[in-house]
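The values are calculated or read from the model by the stated rules, or taken from the named source; none is laboratory data. Given the structure is predicted, the values throughout are model-derived calculations rather than measurements. Methodologically, a virtual Cβ is constructed for each residue, glycine included, from the backbone with ideal geometry; neighbour enumeration extends over all protein chains shown.
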Amino acid sequence: MNFNTTLLHKDFGSDRSTGSTLTPIYQVSAFSQESAEKLEAVFNNRAPGFAYTRIGNPTTDSFERRIASLEKGVGAVACSSGMAAVTISLLNILQAGDEVIASAGLFGGTIDLFRDLEAFGIKTRFVTEVTAETVRSQLNEKTKAVFTELIGNPKLNVVDLKSVADVAHQGGVPFIVDSTTATPYLVRPFDFGADIVVHSSSKYINGNGSAISGIIVDSGKFKWDFARYKGLEEYKRFGKFAYIAKLRNGIWRNVGCCVAPATSFLNSLGLETLGLRMDRLCSNALQLAEFLQGFEGITVNYPALKQSPYYDLVQSQFGGKGGAILTIDAGSKEKAFKLINNLKYATIATNIGDLRTLVIHPDSTIFAHGTKEQKENAGVFEGTIRVCVGIEDIEDLKEDFEQAIKNIDL
Ligand SMILES: *Cc1c(COP(=O)(O)O)cnc(C)c1O
């Protein structure tokens with residue numbers, strides 16, 4: 001099955017009980033069973049079924065199955081936000097005294113999260129970029145996870161999955177990848193050795209900017225050393241499902257970061273057009289990036305551009321697709337603000353993965369609280385504008401950016 005067919009048909013024909021062509025929104029808190037024995041069995045993972053929406057819901061279950069099969073994982077767990085997914089993917093295997101190796105060029109919220117985790121005795125060793133060499137240099141007996149974004153937001157650096165996965169595995173450590181900006185359309189990270197994938201499904205998976213959520217997917221392939229990952233030991237009997245079983249029965253359920261059934265419905269709906277949207281978004285982004293290169297005083301950063309240091313990796317890992325985000329540098333904050341304000345079709349908002357083109361000046365907004373070093377590591381400078389390209393007609397986008405740049409005249 002190819003990509004778009006998978007989105008529509010894999011693990012989904014129609015709703016089993018009614019034949020409805022979409023899984024309906026099961027807008028309920030609890031599910032009754034016909035006997036005390038049956039509810040006992042459901043509660044103890046001995047029978048399929050639902051008990052309570054914080055623990056499981058048919059609309060969410062359908063969404064999770066579709067993402068798991070799309071990513072070629074053994075299971076997926078949906079969360080209330082992308083940040084919840086990132087947090088819980090780590091806390092499922094970490095305890096006080098453990099260390100994580102992570103990229104310094106991460107989404108601002110994730111950088112803040114690693115700082116929060118210090119209060120619980122979990123230390124993060126940041127490396128400028130996650131590569132085989134930098135990970136090898138930081139690995140030690142306390143390391144319990146390697147974490148990175150596949151395409152950094154907004155640095156747009158691309159990680160070589162296979163080489164990093166190999167080093168992590170030699171160290172007995174799982175490789176957790178935030179694949180939000182890449183999406184399964186560019187790559188299935190499990191094909192290149194990643195062990196756990198997380199998404200902010202608020203973005204390209206939902207695709208319409210209509211709801212916040214996240215999802216964690218497990219490849220089921222990591223060989224857990226239960227002496228090192230003590231918390232997982234009681235889930236050993238679940239075999240390749242050990243990580244997912246611990247999530248479902250442990251921290252994910254107990255923190256209570258479940259997704260709302262209505263959000264799962266919107267996500268499944270959006271997911272069906274992921275391929276169509278990404279086709280258009282990647283094509284628009286590349287054309288806009290190439291066009292903007294021609295303007296004096298503007299520098300363009302897009303990983304699928306020929307002069308990008310990530311060009312070869314984009315070819316080998318993503319089949320040549322560079323995603324939907326580019327950054328441009330206008331030279332100063334003043335010029336960047338002017339350019340942004342001159343745009344007619346771009347929405348000024350802090351989001352990515354919408355149908356509309358979105359722009360933001362990261363330095364004064366999402367990175368406003370970052371240190372100079374943190375900003376530089378994330379590719380954020382005074383004149384940087386993040387452009388999250390939408391599905392508008394490319395002629396209109398080009399014309400709009402052209403007039404916005406020409407009218408900067410300071
Ligand atoms: C948006 C985003 C997150 C956080 O997701 P929310 O759904 O906003 O909580 C995490 N990682 C990346 C790469 C993101 O773009």
- Message: For segment 188-210, give me the residue count where each residue is in contact with a Phe, Trp or Tyr (Cβ under 9 Å, 6 or more places away or on another chain) and either assigned by TED's automatic domain parsing to the domain that holds Pro303 or surrounded by fewer than 24 Cβ atoms within 10 Å (Cβ to Cβ) (or both).
- Response: 1
- Message: Checking the condition in contact with a strand residue (DSSP E or B) (Cβ under 9 Å, 6 or more places away or on another chain), more than 15 Å from Ser179 (Cβ to Cβ) and either assigned by TED's automatic domain parsing to the domain that holds Gln170 or of a type in the set (A, V, I, L, M, F, W, C) (or both), which residue from Val130, Val146, Val74, Val86 passes?
- Response: Val74
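So if I check each of Leu276, Leu281, which one is at pLDDT 95 or above, within 16 Å of the ligand (Cβ to nearest atom) and part of a helix (DSSP H, G or I)? Talk me through it step by step, then tell me what you get.
Numbers: Leu276 fails: within 16 Å of the ligand (Cβ to nearest atom).
Checking each option against the conditions leaves just Leu281.
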- Flagged in segment 202-214 as in contact (Cβ under 8 Å) with a residue 60 or more places away in the chain, more than 7 Å from the ligand (Cβ to nearest atom) and in contact with a helix residue (DSSP H, G or I) (Cβ under 6 Å, 6 or more places away or on another chain), in numbering order, are Tyr204, Ile205, Asn206, Gly207, Asn208, Ser210
- Could you tell me which numbered condition Lys155 fails, if it satisfies all but one of (1) within 16 Å of the ligand (Cβ to nearest atom); (2) touching a residue at least 40 places away in the same chain (Cβ under 8 Å); (3) outside any loop (DSSP other than H, G, I, E, B); (4) charged (D, E, K, R)? (3)
- Query: Of all residues in segment 95-113, how many are within 22 Å of Val255 (Cβ to Cβ), of a type in the set (A, V, I, L, M, F, W, C) and either at pLDDT below 95 or surrounded by fewer than 21 Cβ atoms within 10 Å (Cβ to Cβ) (or both)?
  - Reply: 5
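Taking Ala41, is it within 16 Å of the ligand (Cβ to nearest atom) and outside any strand (DSSP E or B)?
Details: within 16 Å of the ligand (Cβ to nearest atom): no; outside any strand (DSSP E or B): yes.
Taking the combined requirement at face value, the residue does not satisfy it.
Looking for whichever is within 12 Å of the chain's Cα centre (by Cα) and within 16 Å of Val217 (Cβ to Cβ) here; the options are Ala165, Ala85. Which one fits? Working first, answer last.
On the way: Ala165 fails: within 12 Å of the chain's Cα centre (by Cα).
The conditions single out Ala85.
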- Could you check how many residues of segment 215-224 are more than 15 Å from Ala68 (Cα to Cα) and within 12 Å of the ligand (Cβ to nearest atom)? 0
- Message: Tell me the residue from Glu129, Glu141 that is of a type in the set (Asp, Glu), within 16 Å of the ligand (Cβ to nearest atom) and not in a helix (DSSP H, G or I), please.
- Response: Glu129
- Task: Please state which of the following conditions Leu90 fails to meet, knowing it meets all the rest: (1) surrounded by fewer than 14 Cβ atoms within 10 Å (Cβ to Cβ); (2) within 16 Å of the ligand (Cβ to nearest atom).
- Result: (1)
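So is Ala47 surrounded by fewer than 14 Cβ atoms within 10 Å (Cβ to Cβ) and either of a type in the set (A, V, I, L, M, F, W, C) or not assigned by TED's automatic domain parsing to the domain that holds Thr148 (or both) or not? Before the answer, list the steps.
Numbers: surrounded by fewer than 14 Cβ atoms within 10 Å (Cβ to Cβ): yes; either of a type in the set (A, V, I, L, M, F, W, C) or not assigned by TED's automatic domain parsing to the domain that holds Thr148 (or both): yes.
When the stated conditions are applied, Ala47 passes them.
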